[in-house]
Amino acid sequence: MDGTRQVRLYQSLVRPHLLMGAERTATMYNAGFAMLVYFFTLSIPGIVIAVTLFILVQAVLQHLARSDAQMIAVVNRSRKYQTFYGDGATLDAEYREIPNPHPISPTTRLLSWVAKSGASNRAKHQGISQ
């Protein structure tokens, strides 16, 4: 052994999975929506509108993927847990006691008291006020 261990990282294992430059699921939804637009109209203007919408939405999705290749997946995951995690602390949150399942042993109390008194004694010797 002569130093640090080196691990080969292949780019294909780290690179995000994109389809046509955007996230795969978003591209598939975009294509499905374009097909629905065409199948509901079944006309030449419907094809033009579906292709135009597909190209415009795909350009937006590609722009999003350039800034963050997993942006839509992260947003969907955060929305899934949005009700679980609140948006922040509030001043009117109710107070609740946190149960202590294990009582604090007398030796732990004694050691913490000794540590506190030792810190205050050191502070007095060094001229520091607490």
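Results, tabulated for the structure shown:
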quantity	calculated
Condition check for A34: out of contact with any Ser or Thr (no Cβ under 8 Å at 6 or more places or on another chain), under 19 Å from A69 (Cα atoms) and not acidic (D, E)	no
Filter result for P99 (part of a loop (DSSP other than H, G, I, E, B), loosely packed, with under 14 Cβ neighbours inside 10 Å and in contact with a strand residue (DSSP E or B) (Cβ under 9 Å, 6 or more places away or on another chain))	no
R24, sole failed condition from (1) surrounded by 16 or more Cβ atoms within 10 Å (Cβ to Cβ); (2) under 23 Å from the mean Cα position of the chain (by Cα)	(1)
Those residues of the range 42-86 which are farther than 18 Å from P16 by Cβ and either under 12 Å from the mean Cα position of the chain (by Cα) or in a loop (DSSP other than H, G, I, E, B) (or both), in sequence order	L42, S43, R79, K80, Y81, Q82, T83, F84, Y85, G86
Tabulated pairs, the range 1-20, first touching a residue at least 60 places away in the same chain (Cβ under 8 Å), second in a helix (DSSP H, G or I) and among the small types (G, A, S), C-beta under 9 angstrom, 6+ apart or interchain	none
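Any read-out appearing in this document is the output of simple, stated calculations on the displayed coordinates, not a laboratory observation. Since we're looking at a predicted model, the values are computed, not measured. Positions of Cβ are generated from backbone atoms using ideal geometry, with glycine treated the same way; all protein chains shown enter the neighbour counts.
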